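The values are calculated or read from the model by the stated rules, or taken from the named source; none is laboratory data. All values derive from a computational prediction rather than experimental measurement. Quick reminder, even Gly has a Cβ in these numbers, built from the backbone with ideal geometry, and neighbours come from all protein chains shown. For accessibility, only protein heavy atoms count, side chains too; no ligands or nucleic acids. Shrake-Rupley method; radii C 1.70, N 1.55, O 1.52, S 1.80 Å.
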Amino acid sequence: MSQVKILIVEDELLIAKGVSRKLEKLGYQVVNIVSSGESAIASATELKPDLILMDIVIKGDMDGIETAAKINSLLNIPVVFTTAYDDEETLKRAEKTGSYGYILKPIKDRDLNATIKMALSKHQQQLEMQRTLAEIEAINEAKNRYLSIASHDLRTPLTAIQMSTSILQDYEEKLTSEKKSQHYSRIKSAVNNMNQLLEDILTLSQVESGKLVLNLVPLDIIQFCRNILDDLADLTNLKQSLEFVSLVDELTAKFDEKILRYCLINLLSNAIKYSPDGGKIILEIRVQPDNIIFYIQDEGIGIPEKDQPKLFQEFQRASNVGNIKGTGLGLSIVKQMIDLYGGQISLESEVGKGSTFIVTLPLNV
């Protein structure tokens with residue numbers, strides 16, 4: 001365990017050296033001795049001591065109490081006062097600075113050691129409390145953010161469901177089969193959008209809270225990729241085709257199946273969604289000694305160059321998506337999952353010519 005570093009602020013040099021010897025005898029490290037408030041602030045800023053022993057009567061324009069107040073606000077370093085005076089007014093001023101205690105002169109070894117240990121313990125408790133409060137505040141902010149996302153983005157599909165169900169209920173006999181089918185499709189699409197949003201929010205909360213951990217299992221990568229493309233076939237239109245490209249016929253490696261599936265399905269679903277006029281959607285894998293690289297390529301609308309740097313941030317969508325629906329969460333979650341895995345994701349895209357997402361994951365995690 002490293003020595004506790006202490007800064008002494010004392011205008012009487014002989015007294016300061018005597019205190020320094022006592023501290024070193026007790027096992028503490030004295031990092032400096034200064035005599036004024038200005039030099040105390042400068043030294044504390046530079047040396048970052050664990051504790052400051054501060055005489056109340058010191059040189060300069062500030063006394064020890066004023067100096068301690070500034071150090072507390074700037075650096076959050078615990079201060080223990082040393083004083084020859086124990087009048088009530090002085091002690092009240094000292095308490096207002098957030099003092100961690102005081103020692104009356106002449107200083108005794110036992111009092112010195114006990115007061116320092118109590119001050120360090122109190123400061124550690126306060127730091128832990130601050131961390132706990134910060135964590136609680138972050139959790140509450142996240143909850144409010146997720147609720148805000150849900151309330152905002154669920155409103156549109158819920159409205160669509162409400163409108164279509166009302167029309168079907170009130171005018172069912174007057175509607176043609178084609179019109180009924182359109183309303184049922186609208187309801188189905190709205191439900192799918194709601195499910196996707198809720199899944200994205202749940203996954204995002206798991207990633208951000210650190211609850212999502214790697215669960216590595218042996219995986220037949222070639223068959224896994226083929227299965228994913230089969231699952232997505234229903235999403236394609238007549239002008240689109242799904243292709244799988246691999247130079248190897250067999251590849252088994254340890255991967256987190258859930259994370260890999262989420263990432264590939266999200267990227268491939270985007271490729272399908274943003275290729276409304278058709279074209280090839282290709283999933284290609286290349287194997288290196290230490291990595292496997294997934295290429296997800298489409299011939300869709302592409303992504304404007306100005307949008308590309310912020311595309312992996314939450315709620316960021318390309319400026320040319322028009323009426324194509326999306327939550328703006330998927331790519332952010334994919335990026336965080338890949339970071340968790342120790343991999344990388346990059347993008348190559350040109351408007352009107354399509355996009356290629358390149359995911360590099362280590363084979364030996």
*Mind checking which aspartates and glutamates have their Cα closer than 17 Å to the Cα of Lys92? Skip sequence neighbours fewer than 8 apart in that chain.*
Asp55, Asp63, Glu66
_If you average the alpha carbon positions of region 237-273 and of region 275-351, how far apart do those two centres end up, in angstrom?_
13 Å
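Restricting to region 220-365, what percent of DSSP beta bridges are antiparallel, rounded to 5?
On the way: 21 of 28 bridges.
Percent antiparallel among DSSP bridges in region 220-365 is about 75.
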*When the dipole is taken about the Cα centre of the chain, and only Lys, Arg (+1) and Asp, Glu (-1) are charged at their Cβ, what size is it in debye, to the nearest 20?*
300 debye
*For Val207, Val334, write out the residues from largest to smallest accessible area, computed with a 1.4 angstrom probe and no ligands counted.*
Val207, Val334
_Alpha-carbon centroid distance for the pair region 185-207 / region 15-72, whole angstrom_ = 58 Å
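Can you give me the % of accessible surface on the chain that is carbon or sulfur? Probe 1.4 Å, all protein chains present, nothing else counted. Could you put the intermediate results ahead of the total?
Working: 10670 of 21060 Å².
Reported share for carbon and sulfur atoms: 51 percent.
I'd like the antiparallel share, as a percent to the nearest 5, of DSSP beta bridges with both residues in the chain.
Numbers: 25 of 49 bridges.
If I count the DSSP bridges inside the chain, around 50 percent turn out antiparallel.
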_Förster radius 22 Å - calculated FRET efficiency between Glu243 and Val321, Cβ distance, rounded to 0.05_ = 0.35
*asked:* For a quick check of understanding: with a 1.4 angstrom probe and all protein chains in place, what accessible area in square angstrom does Lys59 have, to the nearest ten?
replied: 110 Å²
_Calculated on alpha-carbon atoms, Rg and Dmax of the chain in Å_ = 32.3, 102
*Heavy atoms of Arg21: accessible area, 1.4 Å probe, square angstrom to 10*: 150 Å²
*Keeping all protein chains in position, work out how much accessible area Arg261 exposes to a 1.4 Å probe, and write it in Å² to the nearest 10.*
90 Å²
*Whenever you get a sec, line up Val213, Val34 from highest to lowest accessible area (probe 1.4 Å, protein heavy atoms).*
Val213, Val34
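Given charges of +1 on the Cβ of Lys and Arg and -1 on the Cβ of Asp and Glu, with all other atoms neutral, how large is the dipole of region 274-365 about its Cα centre, in debye to the nearest 20?
Numbers: 8 positive and 11 negative charges, 37 e Å.
Dipole magnitude for region 274-365 comes out near 180 debye.
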*Which of the residue pairs Lys258/Lys306; Lys280/Lys310; Lys180/Lys335; Lys179/Lys310; Lys258/Lys310 have a Cα-Cα distance greater than 30 Å in the structure shown?*
Lys258/Lys306; Lys180/Lys335; Lys179/Lys310
*Sorted by mean Cβ packing within 10 Å, highest first, what order do the peptides 3-13, 247-257 take?*
3-13, 247-257
